[in-house]
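Novice: Got a structure here, written out as structure tokens. Questions coming.
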Amino acid sequence: GKAYRWCARKVDQWIFASKALAQHFTLPTKRATVLPAGISELFRQVEPLSWQQKTIDILYVGSLDQNKGMDRLLALLPAISDKKVVIAGSGPWLDKLQAAARQFPNVLVVGPKDSLALKQLYSQARCFVSLSRHEAFGLVMAEAMACYTPVIATQTDGASEQIKPGSNGILLSQQETEQQLVVAFTHAIERMWQYSPAEYQRMQQQARATAEQYLLGQVVNELQQLYQEILL
């Protein structure tokens, strides 16, 4: 709109949640940087658990809605009936997921959780899944990786910003049919289970290293520096 474009001309510093989001922006930006909102410092205080020590196979945390891919998660459940799946969050798909949990005894829907409880879930999970159709950043992926948990995610702006395929997780293209995407997710999970203990540990360490830059203390320091540069 006209008012937004007029205000945009007055902006000293643009901050985008991801590089892809900055590239999508069509207005001119003299000064721009990429800086996400940041994840709680609580996730800094985590000790890594080995594959054998973990008790959750697959974890999802987030809003339970269409954009986050809950229809995809439901379609995936029959193929991972041998895995312990934990789903944390709330939203319009909660009833459907609870009904699925009654059908699949390996699925546990725990509802929304605070950061302390989430830290325990992230730490206990062998992998975290993100099935979003669109994601500007996706702080839950950073939270999981901060807890030494690799991520399997659909390719969104946020996932592309964070996930380095084969290093800290697995990235899946969305240029497929929904059925093909579910099959790709199944294969990605199988691949995760084929990693040797040493390979999995390396992936854990890379996940943690990626997430450290998104811890709130680091983000605040960078934000403070930006303000100081502008004021000077």
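The values are calculated or read from the model by the stated rules, or taken from the named source; none is laboratory data. Because the structure is a prediction, the values reported are computed rather than measured. Note that each Cβ is placed from the backbone with ideal geometry, even for glycine, and that neighbours are counted across all protein chains shown. With ligands, DNA and RNA removed, areas are computed over all heavy atoms of the protein, side chains included. Shrake-Rupley method; radii C 1.70, N 1.55, O 1.52, S 1.80 Å.
Novice: When segment 140-155 is examined, which residues are found to be open to solvent by less than 10 Å² (accessible area, probe 1.4 Å) and either under 17 Å from residue 89 (Cα atoms) or not in a strand (DSSP E or B) (or both)?
Specialist: 141, 142, 144, 145, 146, 147, 149, 150
Novice: Go through segment 73-89 and give me each residue that's open to solvent by less than 50 Å² (accessible area, probe 1.4 Å) and either out of contact with any Ser or Thr (no Cβ under 8 Å at 6 or more places or on another chain) or of a type in the set (Val, Ile, Thr) (or both).
Specialist: Answer for segment 73-89, where residues must be open to solvent by less than 50 Å² (accessible area, probe 1.4 Å) and either out of contact with any Ser or Thr (no Cβ under 8 Å at 6 or more places or on another chain) or of a type in the set (Val, Ile, Thr) (or both): 73, 74, 77, 80, 83, 85, 86, 87, 88.
Novice: Condition first: of a type in the set (A, V, I, L, M, F, W, C), within 17 Å of residue 61 (Cα to Cα) and part of a helix (DSSP H, G or I). Now tell me which residues in segment 76-114 satisfy that.
Specialist: The answer is 76, 77, 94, 97, 100, 101.
Novice: When segment 21-50 is examined, which residues are found to be at negative phi, part of a loop (DSSP other than H, G, I, E, B) and open to solvent by less than 50 Å² (accessible area, probe 1.4 Å)?
Specialist: 27, 35, 36, 40, 46, 49, 50
Novice: Next question. For residues that are in a helix (DSSP H, G or I), open to solvent by 10 Å² or more (accessible area, probe 1.4 Å) and more than 17 Å from residue 51 (Cα to Cα), tally how many sit in segment 156-194.
Specialist: Residues that pass the stated criteria total 11.
Novice: Determine if segment 9-32 includes at least one residue that is in contact with a helix residue (DSSP H, G or I) (Cβ under 6 Å, 6 or more places away or on another chain), among the acidic types (Asp, Glu) and either at pLDDT below 95 or farther than 21 Å from residue 216 by Cβ (or both).
Specialist: Within segment 9-32 (the criterion being in contact with a helix residue (DSSP H, G or I) (Cβ under 6 Å, 6 or more places away or on another chain), among the acidic types (Asp, Glu) and either at pLDDT below 95 or farther than 21 Å from residue 216 by Cβ (or both)), the answer is yes, since at least one residue qualifies.
Novice: With 218, 205 as the choices, which residue is out of contact with any Asp or Glu (no Cβ under 9 Å at 6 or more places or on another chain) and either closer than 17 Å to residue 150 by Cα or open to solvent by less than 90 Å² (accessible area, probe 1.4 Å) (or both)?
Specialist: Answer to the check: 205.
Novice: Could you please give the count of residues in segment 77-103 that are touching a strand residue (DSSP E or B) at 6+ places or on another chain (Cβ under 8 Å) and within 24 Å of residue 190 (Cα to Cα)?
Specialist: 11
Novice: Another one. For segment 120-139, name all the residues that are in a helix (DSSP H, G or I), out of contact with any Cys (no Cβ under 8 Å at 6 or more places or on another chain) and either open to solvent by less than 10 Å² (accessible area, probe 1.4 Å) or without any contact (Cβ under 8 Å) to a residue 24 or more places away in the chain (or both).
Specialist: If the condition is that a residue be in a helix (DSSP H, G or I), out of contact with any Cys (no Cβ under 8 Å at 6 or more places or on another chain) and either open to solvent by less than 10 Å² (accessible area, probe 1.4 Å) or without any contact (Cβ under 8 Å) to a residue 24 or more places away in the chain (or both), then 120 is the only one that fits.
Novice: Also, quick follow-up: Hey, does segment 90-113 have a residue that's surrounded by fewer than 18 Cβ atoms within 10 Å (Cβ to Cβ), under 30 Å from residue 221 (Cβ atoms), without any contact (Cβ under 8 Å) to a residue 12 or more places away in the chain and not hydroxyl-bearing (Ser, Thr, Tyr)?
Specialist: no
Novice: Quick one: how many residues across segment 1-20 are open to solvent by less than 60 Å² (accessible area, probe 1.4 Å) and part of a helix (DSSP H, G or I)?
Specialist: 2
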